[in-house]
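The values are calculated or read from the model by the stated rules, or taken from the named source; none is laboratory data. These figures come from a predicted structure and were not determined experimentally. Here the Cβ positions follow ideal geometry from the backbone for every residue, glycine too, while neighbour counts run over all protein chains shown. Ligands, DNA and RNA are excluded from the accessible area calculation, which covers all protein heavy atoms including side chains. Shrake-Rupley method; radii C 1.70, N 1.55, O 1.52, S 1.80 Å.
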Amino acid sequence: MNVDGRPTRTIWVAGDAVEIIDQTVLPHAFATRRLETVEDAARAIAGMQVRGAPLIGATAAYGLWLAMRADASDQALASASERLRATRPTAVNLRWALETMTAALAPLTPRERAAAALARASMIADEDVAMNRAIGGHALALFKELAGRRPRGTPLNVLTHCNAGWLATVDWGTALAGIYAAHDAGLPLHVWVDETRPRNQGAALTAWELGQHGVPHTVIVDNAGGHLMQAGRVDVVIVGTDRTTATGDVVNKIGTYLKALAAHDCGVPFYVAAPSPSIDWTLASGREIPIEERSAVEVTTISGRAVSGELASVQVTPTGSAAANPGFDLTPARLVTGIITERGVAKATREGLAALHPELAERAGRAGTRA
Ligand code: MRU
């Protein structure tokens, strides 16, 4: 997508290194960082300079390339993979990317591995872009249908949570891909952007992205969504996912579940955009998905730009109050209207997902799905 009118991806190869957009300083500054080692890649993921399930996967893939350039032994491949896997627990794209890379590299001789790693990581990045573009096309068709039920000329009101835009992927985004496709197709739409405490991925990242692309949007506090849905001011909710089970249970950024409950109560369709690498075909229940517990400091403080123009962090809770910070929550399949993958829109059921991706469902079935 465009930054100040220039087409930009979130991650790219620059000579012997990888470059990323540092998402911890957006929207107040646009800065890129250079990753030269697997340790740099692991720190960028753990420190959330890159975040969002598909981008975490792509960064890990490039991280293995950086590792193979330094040491392409079997042992280095295993330990680099282990280091990257330990960075964040919830997004399944991380495991998927590491397994995909390892399957491609392990049969090769050490001498062949660095070049093959770069080729495979670049393929993962390009495939991510293609999958997201396809998701955008399917979401556009849904949005057109929903817009047809509205009074002529009035914008379709879409609510989204967290950042599932191009910054969360290599390009286009998952949930926001359809929004960009609709905007580009001239469909009038307006986006309600949940701020998404504690790290404010909505207020900081989604709002910035939509602004860069000229999409009309309004940032709301996380607690406003239910009220807006009751008042008939939301036509559709669309979110991304960090891990969706083979049965359609969806784990996504904390607060997603409450939006799904409100949408269900108000009769608002609730869609999840999920490229197939975000689906964990080995799981039958979302309760098995590890939920990242993040630092309490993200809750007790808030970061932004001070009046002086400096980036600053301020404390919002009394000193001594305990704080808990689960990063994700589980939306049960029964609350999900549909899951949009690169192949179309599926019912949030085992049968629905398997009908779109029979080969992935069968492969997991052969390996033994956990109940
Ligand atoms: O903690 P984050 O910022 O990595 O969480 C991101 C999300 O929860 C997104 O909604 C999810 O990765 C889907 S995005 C394509």
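Points worth noting:
- In the condition set (1) surrounded by 18 or more Cβ atoms within 10 Å (Cβ to Cβ); (2) of a type outside the set (Lys, Arg); (3) not in a strand (DSSP E or B), residue 25 is compliant with all but (1).
- Among the residues of segment 114-130, at least one is acidic (Asp, Glu) and farther than 30 Å from residue 216 by Cβ.
One line per residue, one yes/no per condition, for (1) assigned to a strand (DSSP E or B); (2) open to solvent by 20 Å² or more (accessible area, probe 1.4 Å); (3) free of Cβ contacts under 8 Å to residues at least 40 places away in the same chain:
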{"site": "265", "(1), (2), (3)": "no, yes, yes"}
{"site": "277", "(1), (2), (3)": "no, no, no"}
{"site": "291", "(1), (2), (3)": "no, yes, no"}
{"site": "295", "(1), (2), (3)": "no, yes, yes"}
{"site": "309", "(1), (2), (3)": "no, yes, yes"}
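- Scanning segment 158-172 for residues that are in contact with a strand residue (DSSP E or B) (Cβ under 9 Å, 6 or more places away or on another chain), within 13 Å of the ligand (Cβ to nearest atom) and not in a loop (DSSP other than H, G, I, E, B) yields 160, 167.
- So residue 37, is it β-branched (Val, Ile, Thr), open to solvent by less than 40 Å² (accessible area, probe 1.4 Å) and touching a residue at least 24 places away in the same chain (Cβ under 8 Å): no
- A single entry from 350, 363 fulfils the requirement of being of a type outside the set (Gly, Ala, Ser) and surrounded by 17 or more Cβ atoms within 10 Å (Cβ to Cβ): 350.
- Residue within segment 104-117 that is β-branched (Val, Ile, Thr), outside any helix (DSSP H, G or I) and open to solvent by 50 Å² or more (accessible area, probe 1.4 Å) present: yes
- Taking segment 173-250 and the strands (runs of 3 or more DSSP E) fully enclosed by it, the elements with 1 or more residues that are at pLDDT 95 or above and surrounded by fewer than 24 Cβ atoms within 10 Å (Cβ to Cβ) are at 189-194, 217-220, 236-239.
- Of the candidates 47, 52, the single residue that is within 13 Å of the ligand (Cβ to nearest atom), free of Cβ contacts under 8 Å to residues at least 24 places away in the same chain and within 30 Å of residue 307 (Cα to Cα) is 47.
- The number of residues in segment 1-30 that are hydrophobic (A, V, I, L, M, F, W, C) and more than 17 Å from residue 213 (Cβ to Cβ) comes to 9.
- The set of residues in segment 68-103 being of a type in the set (Gly, Ala, Ser), in a helix (DSSP H, G or I) and open to solvent by less than 20 Å² (accessible area, probe 1.4 Å) consists of 76, 80, 81, 97.
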